[in-house]
Amino acid sequence: MTGLRAKQKADRNRRILEAATTLFREMGYDAARIEDIAERAEVSVGTFYNYYQNKGDILVAAVSMEVEEVLAAGKIIVENPPATVSEALQALIGQYYDHSLVYLSKEMWRTAMAISIQQPESPFSKRYTELDGRLCDQVSTLMTKLQLRGGVMPGIDAVAAGQMFFNNLNMMFIEFVKDEAMELDTLKDMVGRQNRPLATLISGPKIQ
């Protein structure tokens, strides 16, 4: 029975989360009401509050779900990356960007970013910062793996290089979500071009 209850609880949580992210896309984050979310998820408002205190809690849950899935997919790339820095970055960053709008719209990302800045000491902001840190660490791990394989020159601070690449991809993602008209392919092309000079500079002598 314990296993069944846990499964039912997880199912309700998933329904609430899916209902909320769908309504946020359809109506906008501010316009969507908790009553609407509960109705779409086929649960009572009281049940909703058993899982989330407010819409902000749902937003951070959506961001967490997004980033956890991206990290899992990125781990596969990091464990067996393409040979060159440029190709490896393209694969990993492409994975990040391609998944970025699966659960969240650009408006939802803007709201999440705004909350994290406006309320830096809130649990939401701290969780957002933690997830950003894990993504940054994954890019640095990729650079370290490439260095061990000869793809990055010895003596290069691979961790710092990864942080630089992450800071750029993160900054450009902010520009992407600010511009409703920008397409993902445009974003990926811009970041790829920006990464190329540094990637060439740090590449190992046999791998350009």
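Does at least one position in the range 105-114 carry a residue that is at pLDDT below 90 and at negative phi?
Checked the range 105-114: no residue is at pLDDT below 90 and at negative phi.
Mind listing just one residue for me: the one in the range 131-145 that is without any contact (Cβ under 8 Å) to a residue 60 or more places away in the chain and not acidic (Asp, Glu) and, of those, surrounded by the fewest Cβ atoms within 10 Å (Cβ to Cβ)?
Taking the candidates together, the pick is GLY133.
Report yes if ILE77 is part of a helix (DSSP H, G or I) and either in contact with a Lys or Arg (Cβ under 7 Å, 6 or more places away or on another chain) or at pLDDT 95 or above (or both), otherwise no.
yes
Only one of (1) at pLDDT below 95; (2) within 25 Å of GLU69 (Cβ to Cβ) is not met by ILE207, so which one is it?
Among (1) at pLDDT below 95; (2) within 25 Å of GLU69 (Cβ to Cβ), the lone unmet condition for ILE207 is (2).
Considering each of ALA10, ALA20 in turn, give the residue that is within 20 Å of MET65 (Cβ to Cβ) and surrounded by fewer than 19 Cβ atoms within 10 Å (Cβ to Cβ).
Just a single option satisfies the conditions, and that option is ALA10.
Of everything in the range 28-60, what is of a type in the set (Asp, Glu) and either assigned to a helix (DSSP H, G or I) or in contact with a His (Cβ under 6 Å, 6 or more places away or on another chain) (or both)? Give them in sequence order.
Matches in the range 28-60: GLU35, ASP36, GLU39, ASP57.
Of the numbered conditions (1) over 20 Å from PHE24 (Cβ atoms); (2) in contact (Cβ under 8 Å) with a residue 12 or more places away in the chain, THR111 satisfies every one except a single condition; which is it?
Of (1) over 20 Å from PHE24 (Cβ atoms); (2) in contact (Cβ under 8 Å) with a residue 12 or more places away in the chain, only one is false for THR111: (1).
Please go through the range 171-197 and give me each residue that is of a type outside the set (A, V, I, L, M), surrounded by 16 or more Cβ atoms within 10 Å (Cβ to Cβ) and either under 19 Å from THR111 (Cα atoms) or modelled with pLDDT under 95 (or both), ordered by number.
Answer for the range 171-197, where residues must be of a type outside the set (A, V, I, L, M), surrounded by 16 or more Cβ atoms within 10 Å (Cβ to Cβ) and either under 19 Å from THR111 (Cα atoms) or modelled with pLDDT under 95 (or both): PHE173, PHE176.
Against the definition (among the small types (Gly, Ala, Ser) and under 30 Å from LEU146 (Cα atoms)), how does ALA19 come out, yes or no?
No; evaluated as a whole, the condition is false for this residue.
Can you pull out the residues in the range 180-195 that are touching a residue at least 12 places away in the same chain (Cβ under 8 Å) and not basic (Lys, Arg)?
Those that are touching a residue at least 12 places away in the same chain (Cβ under 8 Å) and not basic (Lys, Arg): GLU180, LEU184, LEU187, MET190, VAL191, GLY192, GLN194, ASN195.
A quick yes/no check of all residues on (1) of a type in the set (Gly, Ala, Ser); (2) under 21 Å from GLN8 (Cα atoms); (3) surrounded by fewer than 17 Cβ atoms within 10 Å (Cβ to Cβ); (4) free of Cβ contacts under 8 Å to residues at least 12 places away in the same chain:
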| position | (1), (2), (3), (4) |
| --- | --- |
| GLY28 | yes, no, yes, no |
| ARG33 | no, no, yes, yes |
| ARG40 | no, yes, no, no |
| VAL43 | no, yes, no, no |
| GLY46 | yes, yes, yes, yes |
| ASN50 | no, yes, yes, yes |
| ASN54 | no, no, yes, no |
| ALA62 | yes, yes, no, no |
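The values are calculated or read from the model by the stated rules, or taken from the named source; none is laboratory data. No experiment lies behind these values; they were computed from the predicted model shown. Because the Cβ atoms are built from the backbone with ideal geometry, glycine has one as well, and the counts that use them run over all protein chains shown.
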